[in-house]
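Scroll down for the structure; my scribbles are underneath it.
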Amino acid sequence: MSNPRIPYFFSDEGPALRAPADGRILVHLVVNVENWDFNSPMPRAIVTPPHGKETVPDVPNFGWVDYGMRAGLPRMIEAIQTRGLTASTSCNASVIEAYPRAAERMLEAGWEFIGHGVHQKSLNDAGGGESDVVRLALDIIQKFTGRRPRGWLGPGLRETHGTPETLVAAGIDYVCDWCIDDLPNWLRTDNGPLLSMPYNLELNDSIVYAIEKHATGQLLDRVRRTVELFVRESVRRPRVLALGLHPHLIGVPHRFGSFEQMLDLLMQTPGVCFMQGSQIADWYAGEVARPEARA
């Protein structure tokens, strides 16, 4: 099926690109920080309900994620910050009120806040108009950080047919929902171009550990293998290596050591630099001009 938003071409045959001065493998750490409503069914479960009957409140599955917000996230912030690295957080706007210390710590660390809905509900099921949900999420984050978010990552990476238009109308510059390439691409929308930012389903702890249920160390192995290939490929064209991370998954004790090993591996690899979403977006926009809006 052809992509209705982005023209098809080989990733190694696109427009010529000069790598940023800091490196040719651009690592984007995306920490997903979410608020799962205690009074609603949980978006994902680690413990199945007795006899298959879903219950509310769902204490064990709520606790699974709440642990990440209490114990996993501070571990991650410290590991990233003490190494002098930078990250982005795709943050449910309601986190700011529900988990104020988490929001404060990420802001103090200098992380970029990316819009991620109000609660952890897809735009298809968020209630209210999509445009209202997007604008409310951006307004809440702007009030807290003093900056309007430039990026968006939909809860569950879900969109409606009109989400790209909604995002452009709300002032969003880039979206992480389209996991189609190792480089950014310009999305076509009726409201003008929108940049598709690389994000990764294969290098995502939610896929690896919550869905595919691999053993500890699998994500580290995938990162190592990806880096080996990107070192070769990036000699000809830059590559974006995006890591999708969740505090309740990679921040638990038995996996956390492998997270630190990932960071150290990346830092020790020649040609690697760590960038936030807006920095990558600005680099790409400087290399590949925004296309003309559709008539």
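Nothing in this text is a laboratory measurement; each read-out follows from the coordinates by a stated rule. No experiment lies behind these values; they were computed from the predicted model shown. We place every Cβ from the backbone using ideal geometry, glycine too, and count neighbours over all the protein chains shown.
What list of ³J(HN,Hα) couplings, whole Hz, do you get for the stretch 197-214 from phi and the Karplus terms 6.51, -1.76, 1.60, once you set θ to phi - 60° and write x for glycine and proline?
8, x, 9, 9, 8, 7, 10, 9, 5, 5, 5, 5, 9, 8, 9, 7, 6, 7
Whole number please: convex hull volume per residue, Cα atoms of the stretch 1-133, in Å³.
Cα convex hull per residue, to the nearest whole number: 192 Å³.
Of 19, 32, 270, which is farthest on the positive side of the dipole of the chain, counting Cα position, with +1 on Lys and Arg Cβ, -1 on Asp and Glu Cβ, and the Cα centre as origin?
Selected residue: 270.
Tally Lys/Arg at +1 and Asp/Glu at -1 over every other residue whose Cβ is under 11 Å from the Cβ of residue 79; what's the total?
Charge balance near residue 79 sits at -1.
Sum -39500 (n - 2.57) across every DSSP H segment of at least 4 residues in the chain, then divide by the residue count to get the 222 nm mean residue ellipticity, nearest 500.
-10000 deg cm²/dmol
Report the trypsin sites (Lys or Arg not before Pro) located in the stretch 229-292 that are in a DSSP loop and have at most 16 other Cβ atoms inside 10 Å of their Cβ, or state none.
236
With 10 angstrom as the radius, rank 8, 99, 284 by how many other C-beta atoms surround their C-beta, starting from the fewest.
8, 99, 284
Could you tell me what percent of the DSSP beta bridges with both partners in the stretch 17-287 are antiparallel, to the nearest 5?
10 percent
Can you compute 3J(HN,Hα) from phi for each residue in the stretch 155-162, using the Karplus curve 6.51 cos²θ - 1.76 cosθ + 1.60 with θ = phi - 60°, rounded to whole Hz and x for Gly and Pro?
Running phi through 6.51 cos²θ - 1.76 cosθ + 1.60 with θ = phi - 60° gives x, x, 6, 8, 9, 8, 4, x Hz.
For each of 205, 132, count neighbouring Cβ atoms within 10 Å of the residue's Cβ, then give the residues from fewest to most.
132, 205
Can you list residues from other chains, or at least 5 along the same chain, whose modelled amide H is less than 5 Å from the amide H of residue 178?
Counting only residues 5 or more places away or on other chains, the set is 197.
Over the stretch 139-295, what lengths in whole Å, largest first, do the semi-axes of the equivalent ellipsoid take, defined as the square roots of 5 times the eigenvalues of the alpha-carbon gyration tensor?
Working from the Cα gyration tensor, I get semi-axes of 29, 20, 15 Å.
In which sequence would 274, 62 go, from the one with the fewest C-beta neighbours within 10 Å to the one with the most?
Ranking 274, 62 by Cβ neighbours within 10 Å, fewest first, gives 62, 274.
Residues with beta-carbon under 14 Å from that of residue 15, excluding residue 15: net charge, scoring Lys, Arg +1 and Asp, Glu -1?
Computed value for this residue: 0.
How compact and how long is the stretch 17-287, expressed as Rg and Dmax of its alpha-carbon atoms in Å?
Rg and Dmax of the stretch 17-287, Cα atoms, are 18.0, 57 Å.
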